[in-house]
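Below you'll find the structure, written out as structure tokens, and then a few comments.
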Amino acid sequence: MKKWIDRTAALERLMVKPQTLYAYVSRSLIRMEPDPADARRSLYSAEDIEAVATRKARGRKRSSIAASSMAWGEPAIATSLSTVHQGKLYYRGLDASALSSHATLEEVAALLWAVRQAPLFGEGNADFTDPFQSLAALIPNSPYILGRTNESLAKDAAAAIGHLASVCGGGRGSGPLHERLTNGWGCNALAADRIRQALVLMADHDLNASTFATRVAASTGASLPASLLAGLCTLSGPRHGGAAEALSSLLSDANRLGAADAVQLWLSRDQILPGFGHPLYPEGDPRAVEMLKGLTPSNDLQRLSDSVFEQAGLLPNCDFALAVMTEVFGLPADAPFRLFLLGRSVGWAAHVMEQVSSGTLIRPRGKYEGVMPYAAVATSPAPR
């Protein structure tokens, strides 16, 4: 599909008047740019046009709207924390890419948590080497979150994230988290700044799967570490935070079969290509762009990236960038997951606080498609 189409094609696809098309543009629902061939004309994003047309076709049937909300569709939960707008990620209206050039994760936590002072992620319990166990151990002695203030919840969040930092290899002390990880992992100053940047860029990302799970747990009043554990369990899947491990499998196939043949094999099996593409960023993941600046992927990763783009037209996403960072700076093999977890735990905590303030229980309805009771009675065998 073409990326940009002219006004005539846009009007035909939407079946609207020009005034309606311009209204969509003014509301940022459809992107517009000058036609390079004729500055007097405008071109419109074909992807945005298709999204608007799809929503129009669904109409206002409640079941259709609800179903579409669960798969990259209509917004499902109100939030003021982060959003993706015209290909960029924003934290409370601030460009996350710009923040990543200088901010620490602690400063971003203060922004997202809406607290006066940046938290300190202190040392946690060194008895655990597994983040799941670390959070689970905090739950029995952690209070429920209902009715509590952000300042109070922020203390619980800082303590829980401190535990996670220790489990993920953070060194001793109470300095910024990226410095603790640098010391614990034995990295240099250049790696430290890249670790800081990655943590900031991974802090929050709209209503992703793990964040939704966190908010569901928080909506019941569960404790803060219990809510974070719900997010962690969801993050562990290969279609989410576990994508880095899945990318390793794809890279292994590429080294064994050749990059082009490996990509073709995965596509022929209808498998998602981990590390590449993102539904919210059709023109490229801005987080990956920032993290990859100045870094040179290995020949193996570069050949894989080139083959994916040639065959599927997909650009590297944040998971690929984290893998390149790990390789370039000699980070622990599972550093992509650790960085994802530590950064995103700040966003999860922010969503816990926001969910508490909303005072609502997240409880969607299931769309039952099984046998109806009267049908089951009609088809059941007669008694003997």
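Read-outs throughout are calculated quantities, based only on the coordinates presented, and are distinct from any laboratory measurement. Small disclaimer: the values here were computed from a predicted structure and weren't measured. So basically every Cβ, Gly included, is an ideal-geometry build from the backbone, and we count neighbours across all protein chains shown.
For the stretch 10-24, take each phi angle, set θ = phi - 60°, evaluate the Karplus expression 6.51 cos²θ - 1.76 cosθ + 1.60, and give the result in whole Hz per residue in order, putting x for glycine and proline.
Per-residue couplings from phi come out as 5, 5, 5, 5, 8, 6, 10, 7, x, 4, 5, 4, 5, 5, 4 Hz.
Take every Cα pair under 8 Å in the stretch 97-359 that's 6+ residues apart, average their separations, divide by the length, and report that relative contact order as a whole percent.
Relative contact order of the stretch 97-359: 25 percent.
Run the dipole for the chain about the Cα centre, Lys and Arg Cβ at +1, Asp and Glu Cβ at -1, nothing else charged, and hand back the magnitude in debye, nearest 20.
Dipole of the chain, to the nearest 20 debye: 1560 debye.
Under unit Cβ charges (Lys, Arg +1; Asp, Glu -1), what dipole magnitude, rounded to 20 debye, does the stretch 276-322 have relative to its Cα centre?
The dipole of the stretch 276-322 has a size of about 100 debye.
Using +1 at the C-beta of Lys and Arg and -1 at the C-beta of Asp and Glu, which of Tyr22, Leu280, Gln117 has the Cα lying farthest in the positive direction of the dipole of the chain?
Tyr22
Once the dipole of the chain is set up with Lys and Arg at +1 and Asp and Glu at -1 on Cβ about the Cα centre, which of Leu341, Ile5, Gly241 lies farthest towards its positive end?
Going by the Cα projections, it comes out as Ile5.
Amide H of Asp35: which non-local residues (sequence gap of 5 or more, or other chain) have their own amide H closer than 5 Å, using H built in the peptide plane?
Arg41, Ser42, Leu43
Could you list, in their original order, any pairs among Lys88/Lys293; Lys3/Lys293; Lys155/Lys293; Lys3/Lys367; Lys56/Lys88 whose Cα atoms are separated by more than 27 Å?
Check vs 27 Å cut-off fails for Lys155/Lys293; Lys3/Lys367.
Please name whichever of Phe329, Ser307, Val200 sits farthest to the positive end of the charge dipole of the stretch 97-359, dipole taken about the Cα centre and charges placed at Cβ: Lys and Arg +1, Asp and Glu -1.
Checking the options against the dipole of the stretch 97-359, the answer is Val200.
Around Leu314, which amide H atoms from residues at least 5 apart in sequence, or from another chain, sit under 5 Å from its own amide H, with H modelled in the peptide plane?
Phe309
Under a crude label model (7 Å from the Cα following the beta-carbon direction), how far is Ile272 from Arg365 in nanometres?
Computed distance between label sites Ile272 and Arg365 equals 2.9 nm.
For the stretch 274-372, state which GluC sites (Glu not before Pro) are in a DSSP loop and have at most 14 other beta carbons lying within 10 Å of their beta carbon.
Glu283, Glu369
To make sure I understand, if each residue's beta carbon is the centre and we count other beta carbons within 10 Å, what order do Leu14, Leu251 fall in, fewest to most?
Placing the least packed residue first, the sequence is Leu14, Leu251.
Once phi is turned into θ = phi - 60°, what whole-Hz ³J(HN,Hα) does the Karplus curve with 6.51, -1.76 and 1.60 give for every residue of the stretch 266-279, x standing for Gly and Pro?
Along the stretch 266-279, the couplings run 5, 5, 5, 8, 6, 8, 5, 8, x, x, 9, x, 7, x Hz.
Per residue of the chain, what 222 nm ellipticity follows from adding -39500 (n - 2.57) for every DSSP H run with n ≥ 4, rounded to the nearest 500?
It comes out at -16500 deg cm²/dmol, rounded to the nearest 500.
Under the Karplus relation 6.51 cos²θ - 1.76 cosθ + 1.60, θ = phi - 60°, what is the ordered set of whole-Hz ³J(HN,Hα) values for the stretch 92-98, x standing for Gly and Pro?
Whole-Hz 3J(HN,Hα) from phi for the stretch 92-98: 6, x, 9, 5, 5, 5, 5.
Based only on other Cβ atoms within 10 Å, what is the fewest-to-most ordering of His278, His85, His351?
Least crowded to most crowded, the residues run His85, His278, His351.
Under the rule of at least 5 residues apart or a separate chain, name every residue whose amide H is placed under 5 Å from the amide H of Asp206.
Correct list: Ser82, Thr83.
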